Structures are given as structure tokens and as C-alpha cells.
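Okay, structure first, notes after.
The values are calculated or read from the model by the stated rules, or taken from the named source; none is laboratory data. Since the model is a prediction, treat every value here as computed from it, not as a measurement. FYI the Cβ positions are ideal-geometry reconstructions off the backbone, even for glycines, and counts take in every protein chain you see.
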Amino acid sequence: MSGQTPRKKYDHLVKLLLIGDSGVGKSCLLLRFADSTFTSAYITTIGIDFKIKNVEVGGKRVKLQVWDTAGQERFRTITKAYYKGAQGILMVFDVSNEDSFVNVTNWMEQIKDNASEGVKIILLANKVDVVAEERVVSKSMGEQLAAKFGVKYFETSAKDDHNVGESFLSLTTDILHEIVDDKQDDGLKLGEAGGGGGGCC
């Protein structure tokens, strides 16, 4: 029938946000995940950038809108606006840059101040492909920090394509579980509301 609305090509639209210090590899992670490419050239994000990636999770078609934020201080006011509406946040640090690890605490504060309540967060320790002597943040340090904040932890390498897809899909799966649970709760409330009288007001 010509009057029918075209069927959506996805079941869920999910917005993700990449945050972290400048130079930790956020843009490279996004390139690797969305385009399966890698560049060793330093990419500086000016303000904000995004890519679309269609994935399937648990039999559901998901359109991921992944926003890549600039890490520099001068862009913070621009990027703050993008926290709202993000259902998931990937917080990235560089295992060869201790400052970027220390600053994860500041990024968590940014999330608390700007993100929607209940946003899902994961911590990514990026550039694990570096030689051992260049690594200054150990796996146990990263795991301890993730445990402190109550978030999942992944060690990633955009260069070697290590855990990149896994981390994005893990976060997406957690978000979808939340969406399904919320819908079930709403259905439960509707069912309860439709029951007999006598409830408290």
C-alpha cells in the first residue's frame, strides 16, 4: 500500500559518547569500531564528531550514534551539551599516559554534573599495544579504579583491534537490557493500574 510508512531499519537507536583527555585515542577507537580502519596519524577532534554504526544485539537491530568529543579544555562547554541524552559513555585513558588515568576522576565528575541519571558507563584502558616499558598504568590499577566507580573495565587497542568491538557491544547490551527492563516495569505499572480499586492514593 502506498500510504504505509516505511518500516524502520532498526529496532533501537542508541546514543553513545566517547570522553577522555586529548590524545588517548578516542577518535582511533571510533574509526576502528565504525569503519574497521586505523591511522597512526594524530587526530585532533575539533569540538565534536560522530559516526553511525548498525549492529545486531540479542536479535535486535541497533543503530548506534557514537559521538566523539574533544578532550581539550577549551571545548568543554561545547561537549557538555552532548552528555544529555547519551545512554552510554565510554571513558578512555591511555595506559602510557598517567595524567590521562588520573584525570578519569575529573571526567567522572563531568558525567555526574552533566549526564542523564542512570547513564551506563565503561572505562577503557587504551593503547595496550605499547611496549611493556612504556606502559605506566597497570591492569590492576585500571580494574581498581573501575571497581571504585562501579563500572565495567576493558583493555583496548585501536591499532591491534583488541577488545574494541567487544567494549562497544558490551555497553550497548547493558543499555538494551535497561530499555527492556523499563518497558517491562511500565507494562507492570499499567497492569497494576488497570486492576481493582482500593489502592492507596
| request: May I ask you to list the residues in segment 131-175 that are touching a residue at least 60 places away in the same chain (Cβ under 8 Å) and within 21 Å of G118 (Cα to Cα)? | output: V151, S167, F168, L169, L171, T172, T173, D174, I175
| note | Counted residues in segment 132-157 being closer than 20 Å to I89 by Cβ, in contact with a helix residue (DSSP H, G or I) (Cβ under 8 Å, 6 or more places away or on another chain) and either hydrophobic (A, V, I, L, M, F, W, C) or loosely packed, with under 13 Cβ neighbours inside 10 Å (or both) come to 4
| segment 21-42, residues that are acidic (D, E) and in contact (Cβ under 8 Å) with a residue 24 or more places away in the chain | D21
| request: Confirm whether A41 is modelled with pLDDT under 90, crowded, with 17+ Cβ neighbours inside 10 Å and over 19 Å from Y153 (Cα atoms). | output: no
| message | Only one of F154, F93, F101 is modelled with pLDDT of 95 or more, within 16 Å of the chain's Cα centre (by Cα) and more than 27 Å from G59 (Cα to Cα). Can you tell me which? | response | F93
